[in-house]
Structures are given as structure tokens and as C-alpha cells.
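K.L.:
Handing you a structure now.
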Amino acid sequence: MKLLLVLMSSLSLVDADSDVIGSDKPVTVTVGDNVILPCHLEPPFNVRNLTVEWKRGETIVHIYTNRKDDPRLQDKNFRGRTSLFHEEMIRGNISLKLTSITELDAGSYTCFVPKLQSQVRKGFVNLTVEPVEQKKDKGSPTHKNNRQPENVGNDTAAIIGIAVVIIAGTVISFVVVLWGLCRNTSKSQIFFCLHVYKCFQINVSCL
């Protein structure tokens with residue numbers, strides 16, 4: 001009796017009049033992310049006893065048969081990166097999860113249930129892969145440009161400061177030398193030294 005029920009259940013699965021439905025809109029994902037390619041049977045029914053094939057063109061992406069995943073014919077570029085939702089297959093969900101997306105994964109995918117007794121045994125999903133956006137430091141050029149005038153002003157101030165120090169040092173040195181020469185001289189020479197000092201002071205003040 002149990003064997004008969006199992007056979008009847010298998011026949012009902014094979015004869016079920018359900019269509020495979022993919023996605024009429026493209027699925028977009030960024031490089032490095034994971035994605036789910038949607039596909040299901042409508043009306044839903046249990047497909048755990050059937051074979052489910054996922055392909056991209058002629059490339060075998062994933063095969064499920066004999067109630068388990070079969071990686072033997074799977075393309076090496078997809079190995080370890082694909083999976084089905086086994087618990088959801090009793091409700092007709094045969095969506096494919098694809099991990100660690102690369103730009104090479106882009107393309108048109110087909111989900112196929114070959115033993116399904118329906119005119120629509122394939123569903124289609126287009127996958128679009130976008131590159132990772134590189135963050136640009138938009139403030140850096142502006143920041144550098146803003147600092148250029150400041151640097152120029154600092155350089156000018158430094159030059160003026162050095163010039164002032166040199167002039168002041170020269171004046172002080174001259175005064176010291178002049179004072180040393182005139183300290184032990186006669187009155188006439190002192191007046192001469194004072195006259196020279198005043199002339200030098202006037203000239204310096206006019207710089």
C-alpha cells in the first residue's frame with residue numbers, strides 16, 4: 001500500500017501542470033556581493049524528487065538530482081558558490097543563490113526542470129553586474145588649493161622677518177663698532193662720529 005502511494009505521488013509530480021517562472025526584470029548586483037536569481041513553479045508544488053538545472057548559456061551552473069546537489073558536471077568557476085533552498089523546494093521554489101559575484105557572472109541564466117510535464121519548463125533570469133564604485137576624495141584638491149595662498153603668505157612673511165633681522169643686526173653691529181672707535185677719541189672726533197651716526201640713522205629710517 002505504501003509503495004502504491006509513493007508511485008502515485010511520483011506520478012502526480014511528473015504529471016503536474018505547473019509552469020517554470022523566472023524573472024521578467026533583470027537582477028542587478030555589485031561585484032563581491034551575493035545574489036538570488038529568482039525562479040519558481042506556478043502553481044507551486046514539490047519538486048524535490050525532480051531534476052533542476054541552472055545554466056548560463058551552455059555553461060552548467062548548478063544541478064540538483066536524486067534529491068541532492070550534483071557538482072560533477074558543474075563548471076569550475078561556479079563550484080562552491082551556488083546553492084538551492086532545499087526546504088523551499090516543496091513549495092516550488094527553485095531560486096539559485098550565487099555568492100562572491102564577479103563581472104564574469106553577468107549574463108542570461110536558465111532554470112530548467114526537464115521532467116516537468118508542462119509546456120513551460122524553463123525560466124529565464126538576466127543578471128547584470130556592476131563594478132564597485134571607488135570613493136573619491138573630492139575635498140582634497142580644494143583643500144590643497146586653499147592652502148597654496150596660505151603657504152605663499154607664510155613664505156613672504158618669513159622672508160621679511162629674515163630681512164628685518166639682518167638689517168637690525170647690521171645696524172646694531174655698526175653702532176657697536178662706531179661707539180668703540182669714538183669712545184676714546186677727541187671732542188672733534190666725537191662730534192664727527194655723532195654726525196656720522198645721525199646720518200646713518202637718517203638713512204636707515206628712510207629705507
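K.L.:
If residue 44 meets every condition in (1) more than 14 Å from residue 88 (Cα to Cα); (2) open to solvent by 50 Å² or more (accessible area, probe 1.4 Å); (3) out of contact with any Pro (no Cβ under 9 Å at 6 or more places or on another chain); (4) modelled with pLDDT under 95 apart from one, which number is that one?
P.N.:
(1) is the only condition that residue 44 fails.
K.L.:
Here is a further query. Please work out if residue 35 is within 20 Å of residue 120 (Cβ to Cβ) and not charged (D, E, K, R).
P.N.:
When the stated conditions are applied, residue 35 does not pass them.
K.L.:
Considering only region 83-100, state which residues are among the hydroxyl-bearing types (Ser, Thr, Tyr) and assigned to a loop (DSSP other than H, G, I, E, B).
P.N.:
95, 99, 100
K.L.:
Being in contact with a Ser or Thr (Cβ under 8 Å, 6 or more places away or on another chain), farther than 20 Å from residue 27 by Cβ and surrounded by fewer than 20 Cβ atoms within 10 Å (Cβ to Cβ) narrows it down to one residue among 71, 114; which is it?
P.N.:
114
K.L.:
Residue 97: over 21 Å from residue 126 (Cβ atoms) and loosely packed, with under 15 Cβ neighbours inside 10 Å, yes or no?
P.N.:
no
K.L.:
Scan region 74-94 residue by residue and report those that are in contact (Cβ under 8 Å) with a residue 24 or more places away in the chain, within 20 Å of residue 126 (Cα to Cα) and open to solvent by less than 70 Å² (accessible area, probe 1.4 Å).
P.N.:
82, 84, 93, 94
K.L.:
Let me ask another. Going through region 47-64 one residue at a time, which ones are open to solvent by 30 Å² or more (accessible area, probe 1.4 Å) and either part of a strand (DSSP E or B) or not polar (S, T, N, Q) (or both)?
P.N.:
Listed by number, the residues that qualify are 48, 53, 55, 56, 57, 58, 59, 60.
K.L.:
Moving to a separate point now. Can you pull out the residues in region 117-135 that are open to solvent by 40 Å² or more (accessible area, probe 1.4 Å) and hydroxyl-bearing (Ser, Thr, Tyr)?
P.N.:
Within region 117-135, just 128 meets the criteria.
K.L.:
Further question: Return the residues of region 18-47 that are touching a residue at least 60 places away in the same chain (Cβ under 8 Å) and in contact with a Lys or Arg (Cβ under 7 Å, 6 or more places away or on another chain); say none if nothing qualifies.
P.N.:
20, 34, 36
The values are calculated or read from the model by the stated rules, or taken from the named source; none is laboratory data. Remember, predicted model here, so these are calculated numbers, not experimental data. Glycine gets a Cβ as well: all are built from the backbone with ideal geometry, and neighbour counts include every protein chain shown. Side chains are part of the model used for accessible areas, which takes the heavy atoms of the whole protein and leaves out ligands, DNA and RNA. Shrake-Rupley method; radii C 1.70, N 1.55, O 1.52, S 1.80 Å.
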